[in-house]
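This report concerns only the one structure given below.
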């Protein structure tokens with residue numbers, strides 16, 4: 001092959017690579033609000049809800065172009081770490097600390113109704129997920145529910161769209177290992193499944209980092225250790241993303257070492273029987289959230305930036321150095337992110 005032909009092919013390759021990299025960027029949509037955002041829900045391409053500290057809820061009805069900020073009356077000092085929205089009118093927000101609360105609005109955030117309250121030593125809600133508009137689940141840190149000196153992961157469920165919540169029977173609350181807990185980093189460590197054997201899954205961290213696969217009626221549950229960094233209360237799995245069958249992506253690390261990327265990400269394609277790390281490069285630091293965009297295309301975020309993978313089982317790329325706590329993907333594959341001081345962004349990846 002002639003030198004000129006080689007140079008031509010090389011030029012085309014470099015230009016293609018540079019153009020692809022130029023398309024990978026995060027554009028800021030909002031910032032400066034006095035809140036740390038960790039909850040996000042995107043019920044449609046135009047409607048986005050976020051939730052955070054200081055009793056703050058945010059809503060956009062124009063795809064993130066403009067935002068309305070709400071302080072929920074009576075909850076000014078509460079931290080809403082997760083939110084689930086069904087449309088522009090209806091949303092449920094989770095306030096984490098003792099006493100823990102759930103509040104719901106059906107008029108777009110104008111008024112809020114308290115739909116759950118629980119005070120207990122060690123009470124701290126971490127994340128929730130909804131199977132549909134009626135059935136939801138919420139999980140919290142391990143607590144001694146009935147003074148039995150046995151720490152159980154606290155689980156509540158709703159079957160009426162969040163109007164009422166009830167504690168799961170104690171035999172449906174898995175027991176935690178010593179030093180094991182759940183991180184309320186982005187509301188993404190529990191998920192309903194469509195697997196025929198398991199109803200839902202959740203991930204943990206601390207001195208132990210496990211994947212819990214909770215069995216359906218008449219089916220056995222199972223607990224498998226993840227290969228992520230663990231052993232200290234600041235380490236473990238902080239977020240999971242799943243195809244709701246057998247593939248589960250786990251991400252985390254040590255939040256006290258935000259730049260550390262040793263053992264911060266692993267995935268399983270067989271419900272935890274075997275774990276694999278990416279063959280080329282992992283995410284570039286501790287990450288608090290991971291989401292599936294489509295197939296193996298993934299996004300993750302944390303205090304040192306945003307990472308993107310066209311093939312999350314092989315290689316991750318740095319998309320931005322901007323800090324974010326949570327990322328979510330709309331049905332139309334738009335990616336939005338939220339973090340400290342009311343910061344909200346959108347990832348361009350095409």
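Any residue that is at pLDDT 95 or above and farther than 23 Å from residue 185 by Cα - is there at least one of those in the range 71-85? Yes, the range 71-85 contains a residue that is at pLDDT 95 or above and farther than 23 Å from residue 185 by Cα.
Only residues that are assigned to a strand (DSSP E or B) and either crowded, with 20+ Cβ neighbours inside 10 Å or in contact (Cβ under 8 Å) with a residue 60 or more places away in the chain (or both) were counted across the range 282-330, and they come to 22.
Of the strands (runs of 3 or more DSSP E) lying entirely inside the range 201-276, those containing at least 2 residues that are closer than 19 Å to residue 299 by Cβ are 235-242, 248-254, 265-268. Residue-level check: of (1) closer than 21 Å to residue 326 by Cα; (2) out of contact with any strand residue (DSSP E or B) (no Cβ under 6 Å at 6 or more places or on another chain); (3) surrounded by 17 or more Cβ atoms within 10 Å (Cβ to Cβ), residue 246 misses just (1). Of the strands (runs of 3 or more DSSP E) contained entirely in the range 84-184, those carrying at least 2 residues that are in contact with a strand residue (DSSP E or B) (Cβ under 9 Å, 6 or more places away or on another chain), in contact (Cβ under 8 Å) with a residue 40 or more places away in the chain and surrounded by 19 or more Cβ atoms within 10 Å (Cβ to Cβ) fall at 91-95, 100-105, 125-130, 136-143, 152-158. Among the residues of the range 8-64, the ones that are surrounded by fewer than 15 Cβ atoms within 10 Å (Cβ to Cβ) and modelled with pLDDT under 95 come to 16 in all.
Quick grid of which residues meet (1) at pLDDT 95 or above; (2) surrounded by fewer than 23 Cβ atoms within 10 Å (Cβ to Cβ); (3) in contact with a strand residue (DSSP E or B) (Cβ under 7 Å, 6 or more places away or on another chain); (4) closer than 22 Å to residue 36 by Cβ:
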position	(1), (2), (3), (4)
187	yes, no, yes, yes
199	yes, yes, yes, no
202	yes, no, yes, no
250	yes, no, yes, no
255	yes, yes, no, yes
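The values are calculated or read from the model by the stated rules, or taken from the named source; none is laboratory data. Predicted model only: the values in this text are computed from it and were never measured. Backbone-built Cβ (ideal geometry, glycine too); neighbour counts: all protein chains shown.
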